[in-house]
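The values are calculated or read from the model by the stated rules, or taken from the named source; none is laboratory data. From a predicted model like this one, the values you see are computed outputs, not experimental measurements. No Cβ is skipped: glycine too gets one built from the backbone with ideal geometry, and neighbour counts run over all protein chains shown.
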Amino acid sequence: EDQVTQSPEALRLQEGESSSLNCSYTVSGLRGLFWYRQDPGKGPEFLFTLYSAGEEKEKERLKATLTKKESFLHITAPKPEDSATYLCAVQLTGFQKLVFGTGTRLLVSP
Amino acid sequence: DAGVIQSPRHEVTEMGQEVTLRCKPISGHDYLFWYRQTMMRGLELLIYFNNNVPIDDSGMPEDRFSAKMPNASFSTLKIQPSEPRDSAVYFCASSWGLSRTGGPETQYFGPGTRLLVL
């Protein structure tokens, strides 16, 4: 069965304290892996798409990486405004739909 | 671009009543998705359409749920009769099709409808 697992479930950081979020997956065939950010009361907001192992994407303090079994979202020197739930999703080969993980709730304290 | 538009943003209803959620996808997108999000189960795909045709409704919980897409710019998700366990946030998302760029297609989400069934 296709599965996406995110860890940790929740993470509390001090402002400036860098860390990483993990998304591991077991799927029959990976077409792409997506990272979304979700703020309370809002819809998921697209961050990155990763297509193949070894690929990296960056945006401000965020960097996403992909291996054959997992993806990491690295947050460098986070700020309070980075507090949100980060969702990982995989798109399977030949399918349009996404399978989502349950997310990591990030809280960055000033 | 206005993004994906959903209405209403909040809905409170009583058990047994009919609920209709509405979605306008991003213009030009040919895929539309309905998701449900709860604390217990996270974000679950209910149904998706391609060019207004339902492709996969395996996530629809039961016959009380139905979805339609009468044209490229409008879709509805209906629950009849509603039950308290249907309380959740319902999201609509849209994307380009698989063939457009050859790569994985990004889904863009609306703001959601928060449904509470009493």
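At a glance:
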item	result
The listed residue being in contact with an Asp or Glu (Cβ under 8 Å, 6 or more places away or on another chain) and buried (at least 18 other Cβ atoms within 10 Å of the Cβ), out of A:64, A:89	A:64
Candidates B:82, B:58, B:87, filtered to the one that is out of contact with any helix residue (DSSP H, G or I) (no Cβ under 8 Å at 6 or more places or on another chain), surrounded by fewer than 20 Cβ atoms within 10 Å (Cβ to Cβ) and over 28 Å from residue A:30 (Cβ atoms)	B:87
Output for region A:22-61, where each listed residue is among the hydrophobic types (A, V, I, L, M, F, W, C) and closer than 28 Å to residue B:90 by Cα	A:23, A:27, A:30, A:33, A:34, A:35, A:46, A:47, A:48, A:50
Test: residue B:27 is more than 13 Å from the chain's Cα centre (by Cα), surrounded by 13 or more Cβ atoms within 10 Å (Cβ to Cβ) and free of Cβ contacts under 8 Å to residues at least 60 places away in the same chain	no
Among the residues listed as B:40, B:69, the single one being crowded, with 21+ Cβ neighbours inside 10 Å and either of a type in the set (A, V, I, L, M, F, W, C) or within 14 Å of chain A (Cβ to nearest Cβ) (or both)	B:69
Residue among A:16, A:32, A:41 that is touching a Pro at 6+ places or on another chain (Cβ under 9 Å), small (Gly, Ala, Ser) and in a strand (DSSP E or B)	A:32
Tabulated pairs, region B:44-58, first facing chain A (nearest Cβ under 10 Å), second among the hydroxyl-bearing types (Ser, Thr, Tyr), C-beta under 6 angstrom, 6+ apart or interchain	B:45/B:35; B:50/B:31; B:55/B:48; B:56/B:48
Residue that is over 30 Å from residue B:9 (Cα atoms) and either part of a strand (DSSP E or B) or without any contact (Cβ under 8 Å) to a residue 12 or more places away in the chain (or both), where the choices are A:72, A:46	A:72
Unique match (being under 10 Å from the mean Cα position of the chain (by Cα) and either of a type outside the set (Phe, Trp, Tyr) or under 19 Å from residue A:45 (Cβ atoms) (or both)) among B:79, B:55, B:47	B:47
Filtered residues of region B:30-44 (kept if in contact with a Gly (Cβ under 7 Å, 6 or more places away or on another chain) and modelled with pLDDT of 95 or more)	none
